[in-house]
Amino acid sequence: MKTTRPFVLINMAMSADGKIAPPHRRFVAFGSRQDHANLLTLRATTDAVMCGARTVESAPITLDAGGPEYERRRLRGGLASQNLRIVVSGSGSVDPQAKIFQHGVSPLIVLASGRAPKSRLAKLKRLADCVKVSGKKSVALGQALGWLRRDWAVKRLLCEGGGELNFELLRLGLVDELHLTVCPRIISGRDAPTIADGEGFARLAKVAKLELTRQCRIGGELFTTWRVRPISP
């Protein structure tokens, strides 16, 4: 059967109680240098890196390859020296001052939906290399991934959050692999974001099911890889 979308990986670091940030949701780095190197190593295997608008705004994120060492890895693997960068914002409400718009190292795509006002889309078109509207009220991720595969030759795509984008990808059965670093921290807080937020699965029978394929302890962190099983019909 012909592949119609990229192979999708999610990479996240979380505290031992499953949080990815404190309740105020502002970026706080709690992973080690090894965890950051692991993220860049994963990026070096993919054609594109994607995250949500709030994640882009929470820190000086650029989503680039991460320096000459990783550019060389990409070239050795037959990829372009820099990955495609993708920001998802259904409403088109991305801060135009976000660092990612000031870092033109590789093409930047914004995925938006039909509810994004034309004025916002016009501003984004001046900042990004491409703005793709897909879906009426929210980004139709399945359609968008198909478009990325067809028009941008994206075969492997890495998603780096946040939790709501991760959940939508999981809910739609669009994730193939989860890379999860468990860090020796307890963040706590009922409003603290997790690796998969959003509405959540209403029925236990429909939850995303995982199969552990790899684990490795380095220092106090546990690096794990999970295969995401297809969602039952």
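Bear in mind that the values in this text are calculations on the coordinates, not laboratory data. Remember, predicted model here, so these are calculated numbers, not experimental data. All Cβ positions, glycine included, derive from the backbone under ideal geometry; neighbour counts span all protein chains shown.
Here are some notes:
- Kirkwood hydrodynamic radius over Cα pairs of region 105-233, then Stokes diffusion coefficient at 20 °C and 1.002 mPa s, in µm²/s: 125
- Label zone at A16, where the point sits 7 Å out along the Cα-to-Cβ direction: region 203-231 residues whose backbone N lies under 13 Å: 220-222
- Where trypsin sites (Lys or Arg not before Pro) fall in DSSP loop in region 65-138, at most 16 other Cβ within 10 Å: R115, K136, K137
- Charge dipole magnitude, Cβ of K and R +1, D and E -1 - the chain, Cα centre, debye nearest 20: 600
- Calculated FRET efficiency for the pair K136/E69, C-beta based, R₀ 30 Å, to 0.05: 0.10
- Whole-Hz Karplus values for region 14-19 come out as 9, 6, 5, 9, x, 9 Hz, taken residue by residue from phi with 6.51 cos²θ - 1.76 cosθ + 1.60 and θ = phi - 60°; glycine and proline positions read x.
- Pairwise FRET efficiency - H103 versus T41, Cβ, R0 = 25 Å, nearest 0.05: 0.75
- R203/R33 FRET efficiency (R0 45 Å; Cβ-Cβ; nearest 0.05): 0.65
- Simple Cβ-charge dipole of region 74-162, Lys/Arg +1 and Asp/Glu -1, about Cα centre, in debye nearest 20: 180
- Computed over region 16-106, the ratio Rg/Rh where both radii use C-alpha atoms and Rh is Kirkwood: 0.99
- Using only side-chain charges placed at the Cβ, +1 for Lys and Arg and -1 for Asp and Glu, the dipole size of region 1-101 relative to its Cα centre rounds to 180 debye.
- Separation of alpha-carbon centers, region 119-181 and region 46-89, rounded to whole Å: 14
- Centroid-to-centroid separation of region 182-226 and region 97-114 [C-alpha atoms, Å]: 28
- When H179, H24, H36 are sorted by how many other C-beta atoms sit within 10 angstrom of their C-beta, beginning with the fewest, the order is H24, H36, H179.
- Think of the chain as having a plus end and a minus end, set by charges on the Cβ of Lys, Arg, Asp and Glu; of T3, S89, G104, T3 sits farthest toward the positive end of this dipole.
- If you run the Gaussian network model on the chain, springs between alpha carbon atoms under 10 Å, then out of A21, A122, A59 the most flexible one is A122.
- Long-range amide H partners of V110 with built H, under 5 Å: V87, C130, V131, K132
- Where Rh is the Kirkwood radius over Cα pairs, Rg/Rh for region 162-233: 0.99
- Histogram of C-alpha separations across region 7-228, 10 Å bin width, %: 8, 33, 39, 18, 2
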